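Colleague: I am attaching a structure below and will ask some questions about it afterwards.
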Amino acid sequence: MEQQHRAVVVGAGIGGLTAAVALHRNGWQVTVLERAADLTPVGAGIALAPNAQRALDVIGLGDRVRALAAWQGDGGMRTPDGRWLARTDARAAAARFGGPLVLLHRATLVEILTSALPDGTVRTGAAAALADPGDDRRPARLTTPDGETEAELVVAADGIRSATRHLLFPGHPGPRYAGCTTWRVVVPAPARPFAPHETWGAGRLWGTQPLKDGRIYAYAMATAPAGAHAADDEKAELLRLFGDWHHPVPEILAAVDPAQVLRHDVHHLPDPLPAFHRGRVALLGDAAHAMMPSLGQGGNQAIEDAVVLAHHARSGPDFDPGRALAAYTADRLPRTTAIVRKAARTGAVTLLSARPAVALRSALVGAVSRFGPGLVLRGFDGIADWRPPVAPARPA
């Protein structure tokens, strides 16, 4: 009986778990090592675009995600006083890109992914560090709480502050502060109905979106000094910044528990890495290409990474780590570099603060929207219409 190759995934975020499922389905013996004590997700909601859903089709989980789509009507972009700048149509987006945008809680996605793994695959409270990336002749080595371990493949999904990335590419400048911070909350739905929207103000942004379970996911972004925090609490800060914006923003803020507000500074990797691999180690997700959230593609690109990596790194006696991981880099580096740069450009436009620039932005968005949703959606061409290099699998 052929012996299974062993893969170790460092980090149990969305990208790491997706990689674990994809590699397991391709015949690897997989262990996921997570530093945190449990899998409670850091975050609130995640928007999965059709490109990520098609990636999840490869591992048999796409339809489970699509079943959680909460909104099939109209939404759009607004100004703080409530004026609509652009209207979007979920049906038009689904027709253009091959599926709906699905917003779900990160905890739900973690549950879907872990349910596709054998019991015992994920080990929490297990910090791991790369000791040797290995090469074509010898396996990679890691240090773990149980001592040193070897693996034919290491997947570094250890986030934007990736220690693995720094070890592999010590000369890379690493993450850079993007000049803004974000807040995220999940609250009960307000009594008065509303259309999903994203609202752009001067140096500030607010979004309100429904979840399948009836709750509301709201997110905000604003320019701020790095490391800044409210002197009182983050709910009070949100009220100062957004409390006089249009419905349903005040009602959402009234329902917020100050202890449940998540605030994180935005960092990204505007300088691309020379490669996403070295030896037998592959970098994935934020460890490889952290981006601003302005396109909503951070988690989506990590999911793409995972299925493309598994496609190239098939377990078997002919597994060639150099060739497999070079193919992974060749597939993923150009695409993600372009999306990181586009996210940065979009973020800069979103956070314009000078009054003339904000007025010009609103006028341009309004003018474009008059040509219909197709012109607005064109900005996601080449992103949301991506298709994986392998056919969908049947659900497990």
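Colleague: Looking at ALA228, ALA254, ALA189, can you tell me which residue is open to solvent by 10 Å² or more (accessible area, probe 1.4 Å) and without any contact (Cβ under 8 Å) to a residue 24 or more places away in the chain?
Modeller: ALA254
Colleague: Given the conditions (1) touching a Leu at 6+ places or on another chain (Cβ under 7 Å); (2) of a type in the set (Gly, Ala, Ser); (3) at pLDDT below 95; (4) under 24 Å from THR18 (Cβ atoms), report the number of the one that ALA306 does not fulfil.
Modeller: Exception for ALA306: condition (3).
Here's the yes/no breakdown for (1) at pLDDT 95 or above; (2) within 24 Å of THR208 (Cα to Cα); (3) not aliphatic (A, V, I, L, M):
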{"residue": "GLN72", "(1), (2), (3)": "no, yes, yes"}
{"residue": "ALA92", "(1), (2), (3)": "no, yes, no"}
{"residue": "LEU101", "(1), (2), (3)": "no, yes, no"}
{"residue": "HIS105", "(1), (2), (3)": "no, yes, yes"}
{"residue": "THR114", "(1), (2), (3)": "yes, no, yes"}
{"residue": "GLY134", "(1), (2), (3)": "yes, no, yes"}
{"residue": "THR143", "(1), (2), (3)": "yes, no, yes"}
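Colleague: Can you find a residue that is assigned to a helix (DSSP H, G or I), crowded, with 23+ Cβ neighbours inside 10 Å, in contact with a Lys or Arg (Cβ under 9 Å, 6 or more places away or on another chain) and of a type in the set (Val, Ile, Thr) anywhere in the range 49-62?
Modeller: The answer is yes, given that some residue of the range 49-62 is assigned to a helix (DSSP H, G or I), crowded, with 23+ Cβ neighbours inside 10 Å, in contact with a Lys or Arg (Cβ under 9 Å, 6 or more places away or on another chain) and of a type in the set (Val, Ile, Thr).
Colleague: Picking from PRO317, PRO373, which residue would you name as being at pLDDT below 95, within 22 Å of GLN209 (Cα to Cα) and open to solvent by 20 Å² or more (accessible area, probe 1.4 Å)?
Modeller: So the residue among PRO317, PRO373 that is at pLDDT below 95, within 22 Å of GLN209 (Cα to Cα) and open to solvent by 20 Å² or more (accessible area, probe 1.4 Å) is PRO373.
Colleague: A follow-up question, please. For the range 353-367, what are the residues that are open to solvent by 60 Å² or more (accessible area, probe 1.4 Å) and either of a type outside the set (A, V, I, L, M) or in contact with a helix residue (DSSP H, G or I) (Cβ under 8 Å, 6 or more places away or on another chain) (or both)?
Modeller: Listed by number, the residues that qualify are SER353, ARG355, PRO356.
Colleague: Consider GLU304 against the criteria (1) closer than 17 Å to ASP286 by Cα; (2) open to solvent by 10 Å² or more (accessible area, probe 1.4 Å); (3) not hydrophobic (A, V, I, L, M, F, W, C): it satisfies all of them except one. Which criterion is unmet?
Modeller: Condition (2) is where GLU304 drops out.
Colleague: To continue, here is another question. Based on this model, can you work out whether ASP119 counts as without any contact (Cβ under 8 Å) to a residue 12 or more places away in the chain, charged (D, E, K, R) and assigned to a loop (DSSP other than H, G, I, E, B)? Lay out the reasoning, then the answer.
Modeller: Values: without any contact (Cβ under 8 Å) to a residue 12 or more places away in the chain: yes; charged (D, E, K, R): yes; assigned to a loop (DSSP other than H, G, I, E, B): yes.
Considered against the rule, which asks whether it is without any contact (Cβ under 8 Å) to a residue 12 or more places away in the chain, charged (D, E, K, R) and assigned to a loop (DSSP other than H, G, I, E, B), ASP119 comes out as yes.
Colleague: Let me ask you something else. Which of the numbered conditions does ALA95 fail, given that it passes all the others? Conditions: (1) in contact (Cβ under 8 Å) with a residue 12 or more places away in the chain; (2) of a type in the set (Gly, Ala, Ser); (3) open to solvent by 30 Å² or more (accessible area, probe 1.4 Å); (4) not in a loop (DSSP other than H, G, I, E, B).
Modeller: (1)
Colleague: While we're looking at this one, here's another question. Residue by residue through the range 351-372, note down the ones that are touching a Gly at 6+ places or on another chain (Cβ under 9 Å) and either in a helix (DSSP H, G or I) or among the aromatic types (Phe, Trp, Tyr) (or both).
Modeller: VAL358, SER369, listed by residue number.
Colleague: Taking ARG345 and the conditions (1) modelled with pLDDT of 95 or more; (2) under 26 Å from ARG204 (Cβ atoms); (3) open to solvent by less than 60 Å² (accessible area, probe 1.4 Å), which numbered condition does it fall short on, given that it satisfies the others?
Modeller: Just one mismatch for ARG345, condition (3).
Colleague: Okay, next question. Can you name every residue in the range 67-92 that is touching a helix residue (DSSP H, G or I) at 6+ places or on another chain (Cβ under 6 Å) and outside any loop (DSSP other than H, G, I, E, B)?
Modeller: Of everything in the range 67-92, those that are touching a helix residue (DSSP H, G or I) at 6+ places or on another chain (Cβ under 6 Å) and outside any loop (DSSP other than H, G, I, E, B) turn out to be LEU85, ALA86, THR88, ASP89, ALA92.
Colleague: Something else: Checking the conditions here, which among ALA202, ALA282 is among the small types (Gly, Ala, Ser) and surrounded by fewer than 18 Cβ atoms within 10 Å (Cβ to Cβ)?
Modeller: Values: ALA282 fails: surrounded by fewer than 18 Cβ atoms within 10 Å (Cβ to Cβ).
Only one candidate passes the filter, namely ALA202.
Colleague: Still on this structure, please answer the following. Please verify whether THR181 is over 20 Å from the mean Cα position of the chain (by Cα) and either farther than 15 Å from ARG6 by Cα or surrounded by fewer than 21 Cβ atoms within 10 Å (Cβ to Cβ) (or both), treating the condition exactly as stated.
Modeller: no
Colleague: Right, here's the next one. Scan the range 139-157 and report the pairs whose first residue is in contact (Cβ under 8 Å) with a residue 12 or more places away in the chain and open to solvent by less than 60 Å² (accessible area, probe 1.4 Å) and whose second residue is part of a loop (DSSP other than H, G, I, E, B) and among the polar types (S, T, N, Q), with Cβ atoms within less than 7 Å and a gap of 6+ or a chain change.
Modeller: Listed pairs, sorted by first residue: ALA156/SER162.
Colleague: Residue check, ARG87 against (1) out of contact with any Leu (no Cβ under 6 Å at 6 or more places or on another chain); (2) open to solvent by 20 Å² or more (accessible area, probe 1.4 Å); (3) within 21 Å of VAL186 (Cα to Cα), all met but one. Which one?
Modeller: So ARG87 meets the others, but not (3).
The values are calculated or read from the model by the stated rules, or taken from the named source; none is laboratory data. In this text, all values refer to a predicted model and were calculated from it rather than measured experimentally. Ideal geometry is used to build each Cβ from the backbone, glycine not excepted, and the neighbour counts take in all protein chains shown. Remember, those area values only see protein heavy atoms, side chains included, never the ligands or the DNA or RNA. Shrake-Rupley method; radii C 1.70, N 1.55, O 1.52, S 1.80 Å.
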